[in-house]
Amino acid sequence: MVKIGNIILPEFPLLLAPMEDVSDPPFRRLCKAHGADLMYSEFISSEGLIRDAIKSRMKLDIFDYERPVGIQIFGGDEEAMAMSSKIVSAVNPDLIDINFGCPVKKVVCKGAGAGVLKDVDLMIRLTQAVIDSTHLPVTVKTRLGWDDNSINIDEVAERLQDIGVAALSIHARTRAQMYKGHSDWSHIARVKNNPRITMPIFGNGDIDSPEKALHYKNEYGIDGIMIGRAAIGYPWIFDEIKHYFKTGEHLPKPTVVDRVEAVRNHLTWAMEWKGERLGIVETRPHYTNYFKGIHSFKPYKQQLVTLDRPEELFAALNEIEEAYVGYEVV
């Protein structure tokens, strides 16, 4: 078993990565139903929480059926991080996660996310401020370093553990790489094999198949895997990986009927949580991923991203279901 504070996870847990505009409650609910063991909110600006920004506050919504679940915050100011830690603690997630990995310019320019990789002392102060302001376990998600010439994950891991961080998720790229190029998990393995490191180490980056998940598990010895982009529009990946670990065999691919059911649920839950209009609009970007690789699907996709009323959308989904009965998704 893997422990994060008082949270007990399975022997080799699969984590859903925190992803902006993706990892909201409707999407998390689907991933939980399909085998995710630990999930995180979208990342939340500490400054936004303090300003009482509506979007930031909405991201604090968590539900009992998705536990264990963590709320992820980011920021570059110690006082703001401490205050936001107290706000987050009040809604009682299972843990607080700190984002020191987001490579996006608008975050980095504020001295937050992966921008903190340039200043490990600041990273430690920010983390300490969060730890001192909550009773919850605190975890961190970060990258290998700023660029290939400044990979500092070994120092970062030791220093974070020394101040009480309960687990570390490492994206196996530098900030300079963004999401491109090769992810080098050998650095994660080195951290995991450091005899000083006792906290769980989770690997992240490029896991998009059961075979790769098993290979990385065996090759790098990590405690679990965090999956991000491969789960977008494909929550079945968690079940598929677990089944492959147990049997060495593949689950059948989700049919078009399975995909329609997932979309129907996603849309329904999004409207329930966000309101009808916002739920419809913010579900639209997901359709491409749910129906990726399906022959002659473009006209249906055009319908889904333009229809504005729930009854029209559900009728279109019913039509898709009927049109692709028996269709085998490759």
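Would you say GLU240 is modelled with pLDDT of 95 or more, over 22 Å from the mean Cα position of the chain (by Cα), more than 22 Å from LYS180 (Cα to Cα) and not aliphatic (A, V, I, L, M)?
no
Within the range 100-111, is even one residue touching a strand residue (DSSP E or B) at 6+ places or on another chain (Cβ under 9 Å), open to solvent by 10 Å² or more (accessible area, probe 1.4 Å), farther than 22 Å from ASP208 by Cβ and not in a strand (DSSP E or B)?
Within the range 100-111, one or more residues are touching a strand residue (DSSP E or B) at 6+ places or on another chain (Cβ under 9 Å), open to solvent by 10 Å² or more (accessible area, probe 1.4 Å), farther than 22 Å from ASP208 by Cβ and not in a strand (DSSP E or B).
Can ALA189 be described as buried (at least 20 other Cβ atoms within 10 Å of the Cβ), at pLDDT 95 or above and not polar (S, T, N, Q)?
It is false that ALA189 is buried (at least 20 other Cβ atoms within 10 Å of the Cβ), at pLDDT 95 or above and not polar (S, T, N, Q).
Filtering the range 266-279 down to residues that are part of a helix (DSSP H, G or I) and either open to solvent by less than 50 Å² (accessible area, probe 1.4 Å) or touching a strand residue (DSSP E or B) at 6+ places or on another chain (Cβ under 6 Å) (or both), which residue is modelled with the lowest pLDDT?
LYS274
Could you grab the pairs with beta carbons closer than 6 Å, sequence gap of 6+ or different chains, first residue in the range 259-281 and over 30 Å from TYR327 (Cβ atoms), second one among the aliphatic types (A, V, I, L, M) and buried (at least 19 other Cβ atoms within 10 Å of the Cβ)?
none
On the given criteria, is LYS32 closer than 18 Å to PHE238 by Cβ and without any contact (Cβ under 8 Å) to a residue 40 or more places away in the chain?
So LYS32 passes the test.
Is it the case that some residue within the range 245-262 is of a type in the set (Ser, Thr, Tyr), modelled with pLDDT of 95 or more and open to solvent by less than 50 Å² (accessible area, probe 1.4 Å)?
No, because not a single residue in the range 245-262 is of a type in the set (Ser, Thr, Tyr), modelled with pLDDT of 95 or more and open to solvent by less than 50 Å² (accessible area, probe 1.4 Å).
Looking only at the range 67-87, count how many residues are assigned to a loop (DSSP other than H, G, I, E, B), open to solvent by 30 Å² or more (accessible area, probe 1.4 Å) and within 20 Å of ILE124 (Cβ to Cβ).
2
Going through the range 192-208 one residue at a time, which ones are open to solvent by 30 Å² or more (accessible area, probe 1.4 Å) and either under 17 Å from the mean Cα position of the chain (by Cα) or of a type in the set (A, V, I, L, M) (or both)?
Within the range 192-208, ASP206, ASP208 qualify.
May I ask you to say which residue of GLY164, GLY181 is at pLDDT 95 or above and on the phi > 0 side of the Ramachandran plot?
Result of the check over GLY164, GLY181: GLY164.
Take the residues in the range 12-25 that are over 10 Å from the mean Cα position of the chain (by Cα) and at pLDDT 95 or above, then tell me which one is nearest to ILE62 (Cα to Cα).
Of everything passing the filter in the range 12-25, PRO25 is nearest to ILE62 (Cα to Cα).
Where residues in the range 139-167 are touching a strand residue (DSSP E or B) at 6+ places or on another chain (Cβ under 9 Å) and closer than 15 Å to GLY113 by Cβ, which of them is surrounded by the fewest Cβ atoms within 10 Å (Cβ to Cβ)?
If we take residues in the range 139-167 being touching a strand residue (DSSP E or B) at 6+ places or on another chain (Cβ under 9 Å) and closer than 15 Å to GLY113 by Cβ, then GLY145 is surrounded by the fewest Cβ atoms within 10 Å (Cβ to Cβ).
Based on this model, can you work out whether LYS298 counts as charged (D, E, K, R), modelled with pLDDT under 95 and farther than 17 Å from PHE27 by Cα?
So LYS298 passes the test.
Are any residues in the range 302-325 out of contact with any helix residue (DSSP H, G or I) (no Cβ under 6 Å at 6 or more places or on another chain) and over 20 Å from PRO26 (Cα atoms), and if so, which ones?
GLN302, THR306, GLU312, ALA315, ASN318, GLU319, GLU322, ALA323, VAL325
Quick one: which helices (runs of 4 or more DSSP H) sit completely within the range 1-66 and have at least 3 residues that are of a type in the set (D, E, K, R)?
25-33
Could you tell me which residue of the range 26-58 is nearest to the chain's Cα centre (by Cα), considering only residues that are under 12 Å from GLY70 (Cα atoms) and open to solvent by 10 Å² or more (accessible area, probe 1.4 Å)?
Restricting to residues being under 12 Å from GLY70 (Cα atoms) and open to solvent by 10 Å² or more (accessible area, probe 1.4 Å), the top hit is GLU42.
Can you give me the number of residues within the range 280-295 that are of a type in the set (A, V, I, L, M) and at pLDDT below 95?
So the count comes out to 1.
Do we have ASN92 as of a type outside the set (Lys, Arg), in contact (Cβ under 8 Å) with a residue 60 or more places away in the chain and either buried (at least 23 other Cβ atoms within 10 Å of the Cβ) or closer than 15 Å to SER41 by Cβ (or both) here?
no
The values are calculated or read from the model by the stated rules, or taken from the named source; none is laboratory data. Just so it is clear, the model here is predicted, and its values are computed rather than measured. Cβ coordinates were reconstructed from backbone atoms using ideal geometry, including for glycine residues, and neighbour counts include every protein chain displayed. Keep in mind that these areas ignore ligands, DNA and RNA; they rest on the heavy atoms of the full protein, side chains included. Shrake-Rupley method; radii C 1.70, N 1.55, O 1.52, S 1.80 Å.
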